[in-house]
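Some notes on the structure that comes next.
Values in this text are rule-based calculations from the coordinates and carry no lab data. Please read all numbers here as calculations on a predicted model, not as lab measurements. Every residue, glycine among them, receives a Cβ derived from its backbone with ideal geometry; neighbour counts consider all protein chains shown.
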Amino acid sequence: MVRPQQENQRDNGIMTTSSSQGAAPSNEAAPSLTSSDLVGLIANRDRLRVVAALVLGANDLPSIRHATGLEYGEVNKALHRLEDKGLVDRNQSFEYVLLAEAFQLAARADAQSRPRETLDEHGDLEAPHAKVLRTFVRNGRLIKIPTPMAKKAIVFEHLAQSFEPGEKYSEAMVNLVLGKFHPDTAALRRYLVDFGFLDRADGQYWRSGGRTDP
């Protein structure tokens, strides 16, 4: 959908929008996404690949298909779903763009609606591990990286559970997964590799260590 009343600011397939002076108000509001909606959208493998391609600068069907390795029908299906939910739009040149505001608004809404007291998210773990994670991982976010190596290993083993054994991930996809924990995805990737929880070669990452839930 082209929105001529908006001024597009684009960086590697990610667009932020600001209202242009004198522009008529939009008759159609973009759907409001929650953090759960976003997770549900990119939990689908095809949609995750399309989002990663847009982050890396792909902006039309041929470039997205080349970046993802998907067929045109699969790309179209993923894009239609992402557009319908307000995560992807088209600029005035009819290029596909990822709307950064969707992530920002979802994070803000989630923070405002989160109750002060939450259930123990680590209660199903062994006591020593749970104690460490309660200190450093709260409400799904990494508060800070511990200094002691033993505690650091527990934290990064926890992060490694977000990656499926046997699956390969591009760096962009790894960043999308780790970004929900902490914005410094480069540091998180490095620690996961250093601890042996992830391995990498030829631009691909895969799970190589850590516990596997039955």
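Based only on other Cβ atoms within 10 Å, what is the fewest-to-most ordering of Thr147, Thr34? Can you show the working numbers first?
Details: Thr147 7, Thr34 14.
Ascending number of Cβ neighbours within 10 Å: Thr147, Thr34.
Scan region 33-101 for chymotrypsin sites (Phe, Trp or Tyr not before Pro) in coil per DSSP, keeping those whose Cβ has at most 15 other Cβ atoms within 10 Å, and list them by number. Walk me through the numbers before you get to the answer.
On the way: sites: Tyr72, Phe94, Tyr96; in loops: Phe94.
Loop-located and lightly packed - Phe94.
Between Asp84 and Glu171, what is the spin-label point distance in nm, taking each point 7 Å from the Cα along the Cα→C-beta axis?
Computed distance between label sites Asp84 and Glu171 equals 3.4 nm.
Of Lys85/Lys180; Lys131/Lys180; Lys77/Lys144; Lys85/Lys152; Lys152/Lys180; Lys151/Lys180, which pairs sit farther than 29 Å apart, going by alpha carbon to alpha carbon?
Numbers: Lys85/Lys180 19 Å; Lys131/Lys180 21 Å; Lys77/Lys144 39 Å; Lys85/Lys152 37 Å; Lys152/Lys180 18 Å; Lys151/Lys180 20 Å.
Violating the 29 Å limit, Cα to Cα: Lys77/Lys144; Lys85/Lys152.
Given R₀ = 25 Å, FRET efficiency for His129-Trp206 by Cβ-Cβ distance, to 0.05?
Details: r = 24 Å, r/R0 = 0.94.
Efficiency, rounded to the nearest 0.05: 0.60.
Given labels modelled 7 Å from the Cα in the Cβ direction, how far is it in nm from Ser162 to Ala100?
Going from the Ser162 label point to the Ala100 one covers 2.0 nm.
What's the ranking of 167-174, 84-91, 48-55 by average number of surrounding C-beta atoms within 10 Å, highest first?
Details: 167-174: 17.6, 84-91: 19.4, 48-55: 24.1.
Per-residue Cβ counts within 10 Å, averaged per peptide and sorted highest first, yield 48-55, 84-91, 167-174.
Just how large is the dipole of region 116-207 about the Cα centre, in debye to the nearest 20, putting +1 at every Lys and Arg Cβ and -1 at every Asp and Glu Cβ? Mind dumping the intermediate values first?
Values: 14 positive and 13 negative charges, 80 e Å.
The dipole of region 116-207 has a size of about 380 debye.
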